[in-house]
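S.K.: Dropping the structure in here first, questions after.
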Amino acid sequence: MRVLFQSALFGRLAGTRLLSTTHDSLTKSVMAAAISSKLPTKAKVPQPRGKFTSPSVFLQTIGRGCDKFSPKFKSWDQLFSASGEVMKHELGIGPKPRKWILMWTNKFRLGIDPYFIPTSKKHEIKRVDRLARMKRRGRT
């Protein structure tokens with residue numbers, strides 16, 4: 001909105017010499033500000049607090065099998081500075097646990113301590129029933 005207002009203002013005063021030099025420098029500064037605001041900022045690594053002093057404790061608490069990835073994270077800083085791309089390509093973590101870890105690291109940055117959330121047994125029971133049905137029909 002500010003850029004639209006500025007361009008309307010410049011359109012009215014375009015004939016003056018002062019405005020043409022000011023317009024060029026202002027356009028450059030507005031563009032530089034727009035570009036710098038789009039750059040991603042690096043997330044801060046929070047200090048360990050409470051019982052969460054190591055990556056293994058953190059990953060064990062969030063559950064869903066994330067504790068098996070604790071040897072891949074050497075330090076607290078590595079756990080909280082690893083991006084999704086790093087976890088995917090360098091550490092070899094699959095999509096579901098990767099998203100789960102990223103969600104909980106972000107919540108920890110916001111001040112929410114991790115807690116265990118169990119998965120629903122409803123889908124597990126359906127999968128077991130489906131496999132048993134396939135076995136009875138001889139499709140396995």
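The values are calculated or read from the model by the stated rules, or taken from the named source; none is laboratory data. All of these numbers come straight from a predicted model, not from anything done at the bench. Every residue, glycine among them, receives a Cβ derived from its backbone with ideal geometry; neighbour counts consider all protein chains shown. Surface accessibility is based on the protein's heavy atoms, side chains included, excluding ligands, DNA and RNA. Shrake-Rupley method; radii C 1.70, N 1.55, O 1.52, S 1.80 Å.
S.K.: Is it the case that some residue within the stretch 4-18 is assigned to a helix (DSSP H, G or I), modelled with pLDDT under 90, more than 17 Å from the chain's Cα centre (by Cα) and of a type in the set (V, I, T)?
M.R.: no
S.K.: Only one residue in E124, E85 is at pLDDT 90 or above and not hydrophobic (A, V, I, L, M, F, W, C). Which one?
M.R.: On inspection, the qualifying residue turns out to be E85.
S.K.: May I ask you to list the residues in the stretch 65-109 that are of a type in the set (V, I, T) and open to solvent by 20 Å² or more (accessible area, probe 1.4 Å)?
M.R.: If the condition is that a residue be of a type in the set (V, I, T) and open to solvent by 20 Å² or more (accessible area, probe 1.4 Å), then V86 is the only one that fits.
S.K.: Same structure, new question: Could you grab the pairs with beta carbons closer than 6 Å, sequence gap of 6+ or different chains, first residue in the stretch 104-133 and in contact (Cβ under 8 Å) with a residue 12 or more places away in the chain, second one among the polar types (S, T, N, Q)?
M.R.: As it stands, the answer is P114/T61, since those pairs meet every condition given.
S.K.: Does I112 satisfy the criteria of being under 17 Å from A43 (Cβ atoms) and open to solvent by 70 Å² or more (accessible area, probe 1.4 Å)?
M.R.: Yes: the conditions hold for I112.
S.K.: Right, next: Please work out which residue is farthest from G65 (Cα to Cα), limiting yourself to the stretch 84-126 and to residues that are in contact with a helix residue (DSSP H, G or I) (Cβ under 8 Å, 6 or more places away or on another chain) and hydroxyl-bearing (S, T, Y).
M.R.: Applying the filter and picking the extreme gives T105.
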